[in-house]
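What follows is a single structure, written as structure tokens, with notes after it.
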Amino acid sequence: MSRVKVLIIDDSPVAQYLLSRVITGDPRLEVAGIAGNADEALRLISVLPPDVVSMDIRLPGQNGLDLTRRIMREHPLPIVVVASDLDDRSLDISMNALKAGALSVVEKPLSSTNADWPELSQRLCSQLYIMSQVPVVQHRRFDTQQPVPGTGWGDDWSAVVMGASTGGPSALAQVLGALPGDFPLPLALVQHMGASFMEGFVAWLSSVSALPVGLAGDGGAFLPGHVAVAPAGVHIRIQGGRLCFDHGELVHGQRPSADILLASAAAAFGSRAIGVLLTGMGEDGARGLAAIRGAGGYTIAEDASSAVVWGMPGTAVRLGAAVEVLAVNRIARRLVELARGVVAGRREV
């Protein structure tokens with residue numbers, strides 16, 4: 001099997017060496033080229049071309065955000081943003097790079113002597129390999145949608161819970177950005193993402209959503225019309241109308257796990273729960289979605305036509321866990337229709 005060709009774009013010689021060491025240590029990958037600036041990167045892309053790009057967010061002359069836009073406009077390729085200096089500006093660039101067309105953001109392994117080196121290295125290689133398989137044919141522009149009008153809310157439902165992984169930030173932003181500011185149900189979500197990126201991620205969701213968005217707190221109230229984001233490193237469960245932390249074992253290699261959140265919603269609300277499973281690799285969330293459907297709730301899986309990786313929602317579909325399978329740009333409207341009582345719950349696909 002031929003190795004995936006990776007183009008490293010980073011202006012730091014030290015980072016170039018470390019990234020090359022990590023990538024060549026993975027039998028699935030090889031370093032096809034190294035570029036220290038935008039002009040060199042574009043030249044190598046036209047000569048090689050690579051299967052996937054490892055993109056630094058700070059570059060001389062043209063930052064990673066601008067270069068991502070240009071690559072997606074001129075030479076569409078899967079791009080993984082690899083960030084290290086996570087100050088406010090870097091976080092802003094990382095989130096905006098997702099809007100510009102990057103498929104994923106991961107933390108850069110900075111030193112082989114750090115305790116987190118193996119975990120960060122494995123995560124980087126996995127993302128590069130998975131993203132290299134994603135067909136990219138045009139600029140994956142983040143479309144800001146107008147909120148769906150919502151009046152005359154019903155009372156058939158208690159909560160919406162969502163799970164996402166690879167490709168999830170843009171998908172979640174599309175769904176939340178299209179919900180009206182008076183959407184009446186509490187929402188909670190799990191997005192697989194490193195702790196270093198959570199603050200910027202929540203800030204980005206807040207900037208596109210008419211609903212208040214914040215990190216869940218241990219024992220915090222699950223409030224109507226608010227979006228609670230699971231922090232990195234802990235599971236969240238819904239218990240007694242509150243969001244409670246669970247520091248238990250990893251589930252499908254994840255903590256937080258969408259399975260934990262969705263299954264807790266099934267237990268807490270039964271047939272009054274709405275579950276949504278978006279793009280992501282692996283199987284996390286599929287059984288939680290099945291638990292909601294089994295309890296009589298309404299379940300939606302993202303369709304393969306819009307999912308960056310149809311792993312999680314695809315598994316849910318194969319399990320028969322989805323009442324509906326919808327492209328991401330149709331999910332917010334369905335949530336509004338459910339909350340208004342326009343669409344009857346628990347119907348077959």
Candidates 168, 285, 248: whichever shows maximal mean-square fluctuation once the chain is modelled as a Gaussian network with Cα springs under 10 Å: 248
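Could you tell me which of rounded, prolate or oblate describes region 1-47, using a ≥ b ≥ c as the square roots of the eigenvalues of the alpha-carbon gyration tensor, with rounded for a/c under 1.5 and, failing that, prolate when a/b is larger than b/c and oblate otherwise?
Details: a/c = 4.39, a/b = 1.28, b/c = 3.42.
Because a/c hits 1.5 or more and a/b fails to exceed b/c, region 1-47 counts as oblate.
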Cα lying deepest toward the dipole's positive end in the chain, options 299, 101, 67, charges on Cβ: 299
What share of Cα pairs, in percent, lie more than 18 angstrom apart in region 4-132? 46
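At 222 nm, what helix-only mean residue ellipticity would the chain give, in deg cm²/dmol to the nearest 500, using -39500 (n - 2.57) for each DSSP H run of four or more? Could you put the intermediate results ahead of the total?
Working: 11 runs with 127 residues, N = 349.
When only DSSP H runs of four or more count, the value is -11000 deg cm²/dmol.
Treating the beta-carbon of each Lys and Arg as +1 and of each Asp and Glu as -1, no other charges, what is the dipole magnitude of region 159-340 about its Cα centre, to the nearest 20 debye? Before the final figure, lay out the partial values.
On the way: 11 positive and 12 negative charges, 75 e Å.
Dipole about the Cα centre, nearest 20: 360 debye.
By the gyration tensor of its Cα atoms, with a ≥ b ≥ c the square roots of the eigenvalues, what is the shape of the chain: rounded for a/c under 1.5, prolate for a/b over b/c, or oblate?
Working: a/c = 1.95, a/b = 1.79, b/c = 1.09.
Prolate, since a/c reaches 1.5 and a/b exceeds b/c.
Please report the antiparallel percentage of DSSP beta bridges with both residues in region 214-300, rounded to the nearest 5.
So the antiparallel bridges in region 214-300 amount to around 60 percent.
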Under Karplus coefficients 6.51, -1.76 and 1.60, residue-wise ³J(HN,Hα) of region 271-283 in Hz, glycine/proline x: 6, 9, 9, 10, x, 10, 10, 9, 3, x, 7, x, 10
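If packing is taken as the mean number of other Cβ atoms within 10 Å per residue, what is the order of 227-233, 41-47, highest first? Walk me through the numbers on the way to the answer.
Numbers: 227-233: 20.9, 41-47: 16.7.
By packing density, highest mean first, the sequence is 227-233, 41-47.
Rounded if a/c is under 1.5, else prolate if a/b beats b/c, else oblate: with a ≥ b ≥ c from the C-alpha gyration tensor eigenvalues square-rooted, which is region 137-256?
Numbers: a/c = 2.02, a/b = 1.10, b/c = 1.82.
Judged from the Cα gyration tensor, region 137-256 comes out oblate (a/c at least 1.5, b/c at or above a/b).
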Can you give the % of DSSP beta bridges in the chain that are antiparallel, to the nearest 5? 15
Relative to the Cα centre, what is the charge dipole magnitude of the chain, using +1 at the beta carbon of each Lys and Arg, -1 at the beta carbon of each Asp and Glu, and rounding to the nearest 20 debye? 760
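Under a Cβ-Cβ cut-off of 9 Å, what is the net charge of the residues other than residue 5 that fall near it, where Lys and Arg count +1 and Asp and Glu count -1? Mind dumping the intermediate values first?
Values: positive: 3; negative: 30, 51.
Summing Lys and Arg as +1 and Asp and Glu as -1 gives -1.
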Antiparallel DSSP beta bridges within region 159-340, percent to nearest 5: 25
Inter-part gap, Cα centre of region 200-237 to Cα centre of region 18-34, in whole angstrom, is 36
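Read-outs throughout are calculated quantities, based only on the coordinates presented, and are distinct from any laboratory measurement. Everything numeric here is computed off the predicted structure, so don't read it as measured data. Cβ sites come from the backbone with ideal geometry, for glycine too, and all protein chains shown count toward neighbours.
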